[in-house]
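Novice: Just passing along the structure, written as structure tokens.
Derivation of every value follows stated rules applied to the coordinates shown; laboratory data play no part. Values in this document were obtained by computation on a predicted structure and should not be read as measured data. Cβ sites come from the backbone with ideal geometry, for glycine too, and all protein chains shown count toward neighbours.
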Amino acid sequence: MVTADLPGPESLLRRTLGEWRIGLVAWRLLVLQNADPAVAAGVTSFSTYRAHPWRRIEHTMDSGKRLFFSDREGLRREVARLERTHRRLAGTDEQGRPFSASDPAVRVWVLVTLYESMTTMRELSGHPLTAPELEQMYGEFRAVCAEFELPDDLFPATAADVPAYVDRTIRERLEYGEPVRYLLFDMLREAPAPRRLGRLAPAWPLMRTVAAHVIEALTVADLPEAFRERFGLVRTRRAALLSFTLHRGMRVLMNVLPEHRRYRTPLTGNVAAPIPPIASGDPSSVPETGPVRLPAPRRRKGADARPVRLRAFFSQILDQTGDGHINSADLQAMAHNVCWPLELGPEQEAQVYAAFEVWWQQLRTGMDADEDGRVSCEEFVTAVLAGIDEGPAYLEQGLHVALRAVFHAVDTDGSGHLCADEYRTVFGGSRVHPAELNHGFRQVDHDGDGRITEDEFVQAFTDFFTARSDSTAGSQLLGRA
């Protein structure tokens, strides 16, 4: 089998996908993908987009960079990682239909919608690709898709066949379910402030209201006509004018910007491996400024601080899907978030997932009082307090198993301790303020030697769960009162 060359820095695909204005069709892309019943079921059962929308979007963008802006080795690593993730996303939807994220037809739809969105962006801007350009970009796109080893006959044969494929899929397979409705009308109205807003965060309630109206109108206006017709979505004159203005205006802006400002992803960059945000191994190199997340509510002096901390841990850490309960999917999402920035091999990744499954089985067995297959916040708090008051073995049988797996995964050089860079890689990222990383590292580094041993790592989380006051260092892992 002959392997086609991957698109290079000057390829039409990279130049189209890399422009900032691709964001204008991003929400439209999500709507089309989530309208597939299997995607919708996977999102409902496993996705963290309700509780952590910005992190979920960040992961999606990172994956796109690794797929379309990497060399072949980086591309293959990302394809393998996605395949391992998708194998875990299977089950039965609310109508009793089995679904799997590994279904080849579903994966082809998700991929082709990206190509279709790129061509739509160009068309809406008033500067559509010519027929030869469409074929060129489709060939570049298929060269990347070839690494997924999906059946060729599931893809449109040529660029000219893509519109008919999209139209047929919309009319025969797509559904207007809750994930689609939520994306269109509610998600941005409920989303927390992105951390990058900084001092503008107090204005977020007003900003998100305006953004929600604009994105809702723009998305409905830009969706394929077949989609709007089938699901009764109306393209108003005002929305059509908004679409015309934004797409044409952004095209003009992109054309006058210097190239390094025009592209959100460097065309020549190899982004196969993530780079820790700070290179120094000294935790003191992170500035001690700015707010720290999750400050604890005021309590009566001498009151037991554990219930408040455990509720914060439940809502901010455990409840990944944001539905007010935890189940196996929430613990899988936690394992995914550990593995994501580390690019672990299959065996190491499996060990992390297995450890979190052990923790979930302990939670389910000891906390699911009403036997509904999930654990509420109060069930969690009540059971944890009873367990830790009974003896230290309680944490060792669940939480500690997961923590030790996390430690060994993050200890990428096998040194037996975590340096500041390793800590930042898994607990940091663009969404976390540097001061939070600095504070968190210091809470775990008990002896202040600039590195964290496995025992220190486990002990810090033990203190968080067991300390009755907030004076113990580990009790402040999620923030300072």
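Novice: On alpha carbon coordinates alone, what is the Rg over Rh value for the chain, Rh being the Kirkwood radius?
Specialist: That ratio is 0.98, to two decimals.
Novice: Moving to a separate point now. Hydropathy at least -1.0 by Kyte-Doolittle, axial extent at least 27 angstrom from the Cα trace: which helices of the chain, defined as entire DSSP H runs, fit?
Specialist: Flagged H segments are 104-124, 237-256, 346-367.
Novice: Same structure again: Would you mind ranking THR44, THR268 so that the residue whose beta carbon has the fewest other beta carbons within 10 Å leads the list?
Specialist: So the ranking, lowest neighbour count to highest, is THR268, THR44.
Novice: If you rank HIS446, HIS336 by fewest surrounding Cβ atoms within 10 Å, what's the result?
Specialist: So the ranking, lowest neighbour count to highest, is HIS446, HIS336.
Novice: I'd like the Kirkwood hydrodynamic radius of the range 26-103, using the inverse of the mean 1/r over distinct C-alpha pairs, in Å.
Specialist: Kirkwood hydrodynamic radius for the range 26-103: 13.6 Å.
Novice: For the range 12-262, how big is Rg over Rh, using alpha carbon atoms and the Kirkwood form of Rh?
Specialist: Checking Rg against Rh, the ratio lands at 0.94.
Novice: Evaluate E = 1/(1 + (r/R0)^6) for VAL210 and ASP152, where r is the Cβ-Cβ distance and R0 equals 41 Å; express this FRET efficiency to the nearest 0.05.
Specialist: 0.35
Novice: Tell me, in nm to one decimal, what length is gained between VAL234 and GLN397 on full extension, where the rule is 0.36 nm per residue of separation less the Cα-Cα distance?
Specialist: The span from VAL234 to GLN397 would gain 53.2 nm if fully extended.
Novice: Please report how far the C-alpha centroid of the range 325-398 lies from that of the range 145-170, rounded to the nearest whole angstrom.
Specialist: 40 Å
Novice: Further question on the same structure: Where does each of TYR423, TYR182, TYR115 land when they are ranked from fewest to most other beta-carbon atoms within 10 angstrom?
Specialist: Taking fewest neighbouring Cβ atoms as first place, the list is TYR182, TYR423, TYR115.
Novice: Would you work out the charge dipole size for the chain about its Cα centre, treating the Cβ of every Lys and Arg as +1 and the Cβ of every Asp and Glu as -1, and quote it to the nearest 20 debye?
Specialist: For this selection, approximately 2200 debye.
Novice: Let me spell out the model: positive unit charges on the Cβ of Lys and Arg, negative unit charges on the Cβ of Asp and Glu, origin at the Cα centre of the range 152-212. What dipole size does that give, in debye rounded to 20?
Specialist: 660 debye
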